[in-house]
1. Quickly run through the stretch 261-281 and pick out the residues that are open to solvent by 10 Å² or more (accessible area, probe 1.4 Å), of a type in the set (A, V, I, L, M, F, W, C) and either within 13 Å of residue 230 (Cα to Cα) or in contact with a Lys or Arg (Cβ under 8 Å, 6 or more places away or on another chain) (or both).
2. Being surrounded by 15 or more Cβ atoms within 10 Å (Cβ to Cβ) and either modelled with pLDDT under 90 or out of contact with any helix residue (DSSP H, G or I) (no Cβ under 7 Å at 6 or more places or on another chain) (or both) is the filter here, so list the residues in the stretch 244-253 that pass it.
3. I'm trying to understand the selection: among the residues of the stretch 166-206, which are open to solvent by 40 Å² or more (accessible area, probe 1.4 Å) and among the aromatic types (Phe, Trp, Tyr)?
4. Mind counting the residues in the stretch 288-319 that are assigned to a loop (DSSP other than H, G, I, E, B), at pLDDT below 80 and over 19 Å from residue 334 (Cβ atoms)?
5. What number of residues within the stretch 97-121 are open to solvent by less than 40 Å² (accessible area, probe 1.4 Å), over 21 Å from residue 210 (Cα atoms) and among the β-branched types (Val, Ile, Thr)?
6. Find the strands (runs of 3 or more DSSP E) located wholly in the stretch 410-483 whose residues include 1 or more that are at pLDDT below 90 and either open to solvent by 30 Å² or more (accessible area, probe 1.4 Å) or under 30 Å from residue 238 (Cα atoms) (or both), and list them.
7. Considering only residues that are free of Cβ contacts under 8 Å to residues at least 60 places away in the same chain and polar (S, T, N, Q), which ones fall in the stretch 349-398?
8. Give the residue, chosen from 226, 222, that is within 16 Å of residue 101 (Cα to Cα), in contact with a Leu (Cβ under 6 Å, 6 or more places away or on another chain) and buried (at least 21 other Cβ atoms within 10 Å of the Cβ).
Amino acid sequence: MVRKKKSSSKDPYKLSKHDEFDSEAFAVAMEKMVAESHAKGAGFGSGKEMENRIAEIVWGKFREANIGQVKTDRESSQASSLETSRHHSPPEDIATIVISDVEESTSIWEENSHAMQEAVSIHDKILRRNCDSFNGYEVDTEGDRFFLAFHTPLDAFLFALKTQLDLYKADWSSDLFSISAAAAENSFRGLRVRMGIHQGPVSSHRNEFTGRLEYYGEAMTIAKRIGAMSRGGQILTSSDTWNAASYKAESDMDSPQVLDLGNHFFSFKGGDARRCRILQLVPASLAYDYFAARRRPADRMLDADGVSASPITGRQFEPLDTALRATSSFHDAPYENLEVTIAFIRFSEIEIQYEDPKPILSDLIRLVCDLLVGTRGYHCQNNMLAFPNISEAIEFGLGLMRALRENYYSELPDMITFGCVHDSFLAMGPHKTTGRADYYGKVVNRAAHVSATSELGTVNFGVSVDNSNPKLPLLKDEFDCHFKGVKELKGVQGDMAIYEVTLKDQEENTED
């Protein structure tokens, strides 16, 4: 007999203490459905919203199958056998491909073949042990390169993060450490293994000699491209693959550091090209603390001599240098002198005026990203941007208004506002889920309020008022400033002088 759970507003999926719920099977079903939804483009939203909606569907299927009932010993045994079978079976239709490779392996072989032979044995054991632990399937090997396939992105990320930690802690020989490419320094230790991860639809065939299943198609091609971009000790993945598992980052993956490396174009045979956003993952214990490094000296922990009490270490990698990079990355986000211009685009009026604003807002954000290409601006999140100075932010805001009037929805400029403020920030580093630059400090709050209190259809900046004599930023000659008054903004300490900016030729055309 099935025991019925009591309704609970806090956790609708929690059974009573007398029920035995197959939580592992539920988690597996959740992961699989999340992966499939991203691969097929299903509209489940993102983050907690996605997790809740998919959980409702999976829970319904569990209820229909009476999986919530108390299981007999026989049923438990059958479930265990099924799970063991899943661990060792190759994924079908949709797979998460992981390609790993040892950096500078040829030079290490040349310098000390005995030390390298021993190191490769340790390397192979670690990869195979973790592949088995996280339900992976070993497709093939080429020297020290491994081709692996996993059932879900979460399994692949757990494998990659655990493997990087195990490689760092491995019992390497002192002879290996004497080789520069494997020396122990700055959160690197022993063989540096680079990894590329991508999830998507796959086709497969069985190798007549090895008997192993081999994969081919776009997913495998993209995984190879991503792997080739990576460096030793670095994990790279596509953003779509990460998004399918990111809701488990804290609970299951020990909150790895995520870094946005921008959009890159991958070309395929026949002239086709695909734009792919690349993210970097680093285990939390090996990550470089950008927030600590990009913080005002007064807020850092200093010793008696004024030197940082604990030197900031961790894995850092050079920005990806590809000819086909389409957008800026975290490394391009402004932070010089610990100052930044933060700008907000307020589009709440669009949400009010349109019954279904999502397609319009999607087009607007896409236009913003396209216009940022070639500038020093950076897209932090949906409606928040960062620039080195006020002048470049204002130029972008006016260009956005002009592009909307000329090429897109002509009425949209009258439904949005663009407001910005330049100031110092408290700290800056990667967002824990998106990897994009995240700023903390009064400059963010002030910019948001300037945008929110400005008139629709205008581009504005705010300046903190000090003794009624605000210091104006240096602007281009073609800009005209119009003082709109001094405002006391909610939640902002001190008054702000607000200025609207227009182009001079725009004013002349208006007068004509």
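The values are calculated or read from the model by the stated rules, or taken from the named source; none is laboratory data. Keep in mind that what you see is a predicted model, and the values were worked out from it rather than measured. All Cβ positions, glycine included, derive from the backbone under ideal geometry; neighbour counts span all protein chains shown. These accessible areas exclude ligands, DNA and RNA; they are computed on the full protein's heavy atoms, side chains included. Shrake-Rupley method; radii C 1.70, N 1.55, O 1.52, S 1.80 Å.
1. Residues satisfying the conditions are 265, 266, 268.
2. Once the filter is applied, which keeps residues that are surrounded by 15 or more Cβ atoms within 10 Å (Cβ to Cβ) and either modelled with pLDDT under 90 or out of contact with any helix residue (DSSP H, G or I) (no Cβ under 7 Å at 6 or more places or on another chain) (or both), the stretch 244-253 yields 246, 249.
3. 168, 177 - these are the residues of the stretch 166-206 that are open to solvent by 40 Å² or more (accessible area, probe 1.4 Å) and among the aromatic types (Phe, Trp, Tyr).
4. Qualifying residue count, the stretch 288-319: 10.
5. Qualifying residue count, the stretch 97-121: 3.
6. In the stretch 410-483, the matching strands (runs of 3 or more DSSP E) lie at 459-464.
7. 362, 375, 381, 382, 383 - these are the residues of the stretch 349-398 that are free of Cβ contacts under 8 Å to residues at least 60 places away in the same chain and polar (S, T, N, Q).
8. None of the other options fit; the residue is 226.
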